[in-house]
Amino acid sequence: MRPYLSIKTLSLSHLTAKQHLLMAISRDVSLLPPLAYTLTSCRKAWQLIHGDIANVKLYGPRPLKETIASFVNESALEGDGTLLESLTTARASEYLLCSLWCMVSLYLSYSILDSLMVRWIVKYSILAAIVRMFAMSLIIITLELLLLARLSPKGDYYLHTWVLISCVLTGAYIWQSYITSNLNYGVRMGEREAQGSQHNYLKFSKKRTIDLYNITVFCVVPVGLASFITMIGLLRNLVIQRLDVEQLARMLRPLAQEGKPSEW
């Protein structure tokens, strides 16, 4: 971690304040979709948590056909609060998990572009590095919006989409770690060694390597932690959904027995 910070500090020291601002804007543009969907997911979770519980409808004994018809017809209306709707709509915890994966995508996007920024500043001119940074941000945004449009066309549920986006960005992080591994940081002693003069420098080597420690700590661990939290949350929702199905079965069982033909 310390060599990377030294490389980043040395590379950014060649930028003026205006160039630094343009570079930061070009990099942070890619963070807008994850931020927007994080706020949207939190807002939907808040609405579901603080929904009007008085809208939940209870059903008294009545013929079996009428009961099933009421479940099917009324659950088609949005926000009617029927028990059948609670089995088919997303819960507040799923939107909170979606916001977690949005933050993971945000972190991976920032890490990828931040590492590429250091390489481009050293290898290319400042203007070329800014253009490349802005183009890479647009590529990431386009990929995210394309996946959201294809996998979440209605825009009401996108947990699975952001999980997929995070997996794609994980692969991109490994790729950039390999690409930027040939940039080395060194210290060169000056001509007057008695005075202890030193000069820091950056250079490219011909050999690229895969830094497993860097990938594990800064990529695999955040994604694995988010995966574990998501697994716990979805298992909790699965248990709750099974309890709702059992409640629905208990409500329909006496009605089904009443609808059986009487024995002679």
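The values are calculated or read from the model by the stated rules, or taken from the named source; none is laboratory data. Predicted model, so just to flag it, every value in this text is computed and none were measured. Neighbour counts are summed over all protein chains in view; Cβ atoms, including those assigned to glycine, are modelled from backbone coordinates with ideal geometry. For the accessible areas, the whole protein counts, side chains as well, though only heavy atoms, and no ligand, DNA or RNA atoms are used. Shrake-Rupley method; radii C 1.70, N 1.55, O 1.52, S 1.80 Å.
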Across region 228-245, what is the total count of residues that are farther than 16 Å from Ala45 by Cβ, open to solvent by 50 Å² or more (accessible area, probe 1.4 Å) and of a type outside the set (A, V, I, L, M)? 3
Cβ contacts < 8 Å: first residue of a type outside the set (Gly, Ala, Ser), restricted to region 165-176; second residue open to solvent by 10 Å² or more (accessible area, probe 1.4 Å) and outside any helix (DSSP H, G or I), any location; separation 6+ or different chain. Result? Ile174/Ile210
Taking only pairs six or more apart or across chains, which ones have beta-carbon atoms under 7 Å, a first residue in region 27-43 that is under 17 Å from Met133 (Cβ atoms), and a second residue that is charged (D, E, K, R)? Arg27/Asp114; Pro33/Glu144
Any residue at all in region 179-197 that's at pLDDT 65 or above, open to solvent by 50 Å² or more (accessible area, probe 1.4 Å), at negative phi and part of a loop (DSSP other than H, G, I, E, B)? no
